[in-house]
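The values are calculated or read from the model by the stated rules, or taken from the named source; none is laboratory data. All values reported here derive from a predicted model rather than from experimental measurement. Here the Cβ positions follow ideal geometry from the backbone for every residue, glycine too, while neighbour counts run over all protein chains shown. The accessibility values were calculated without ligands, DNA or RNA, using every heavy atom of the protein model including side chains. Shrake-Rupley method; radii C 1.70, N 1.55, O 1.52, S 1.80 Å.
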Amino acid sequence: MLSKILVVIPTFNERLALPVTLAGLFEQQPDIDVLIVDDGSPDGTGEWADEQAREDARINVLHRTEKSGLGMAYIAGFEWALERDYEIICEFDADGSHRPLDLGQLLDAAREGRGDLIIGSRWVPGGEIVDWPRSRYFLSRGANVYVNAVMGLGVKDATAGFRAYTRPVLEALDLSGVQSQGYCFQIDMTYRTVEAGFRVTELPIVFVERELGESKMSGSIITEAFTKVAGWGLTRRRRQAQRLLSRTSPAT
């Protein structure tokens, strides 16, 4: 039996890259639906997506009136998906950095119950990055080492934006309480998933540096991630210590 699958694609000025991405996705997975969440792109991305949606029932478009970040775009997409009974909800970049070829293994793992959140990982054996400058490589690698050292999530690529959530995960999490932006959003969602007791599975993917458009990485995104991870780490370690003490304390 086929699962009802939605791929959420946030866009801001992705008019050149999005047609290639959609063609690749439907070539590999013709039975999926796609939701394009556009933040008022001035380059006409949203208008082009509307034209495609009128011709292809698999394509849906959600327009937001202001650019409020990657995190809020995904939250809007998740809520849209839950209202429409999708069973697997995926995150996917519009810019070509995620390969449609790799989506199938994430979907298979989700369908087969091999995890509740399936992450397409660059940092597990078999994962690969193509055409990244050294600065980006060390930033991503260092960020994930930092996350694991501070938070102890046991996830090698907590910043990854290529992932598939099973419906129970998103139903269980308080999506209205997620305020993280940028790549910190991915860490936040991973943290919440682990804390809620769900199983995270990482599968190797090939990550390709974008050829079209501009990266959304900025100093403010990096700062947000650094400071929030420190706070989450303190909270998680405190809870772990409390649970340990409760198990070792003698009964009175």
Output ordering of 103-110, 14-21, 158-165 (per-residue mean of other Cβ within 10 Å, highest first) is 158-165, 14-21, 103-110
What is the spin-label model distance, in nm, from residue 245 to residue 20 if the labels are put 7 Å beyond Cα along the C-beta direction? 5.5 nm
Mind sorting out which of (1) 17; (2) 21; (3) 13 is the real percent of Cα pairs over 33 Å apart computed from the coordinates? (1)
When all protein chains stay in place, what accessible area (Å², nearest 10, 1.4 Å probe) is found for residue 4? 90 Å²
Using only Cα atoms, locate the centre of segment 121-156 and the centre of segment 17-61, then give the distance between them in Å, rounded to an integer. 29 Å
At each listed q (0.13, 0.15, 0.21 Å⁻¹), what is the log10 of I(q)/I(0) that the Debye formula gives for segment 1-144 modelled as equal alpha-carbon point scatterers? -0.61, -0.82, -1.44
In the chain, lysine pairs 8 or more places apart or on different chains with C-alpha atoms under 27 Å apart total 5
Row for segment 125-209, column shape: gyration tensor on C-alpha, a ≥ b ≥ c, rounded if a/c < 1.5 i.e. under 1.5, prolate if a/b over b/c, else oblate; value prolate
Exposure of residue 136 as accessible area (Å², to 10), given a probe of 1.4 Å and all protein chains: 50 Å²
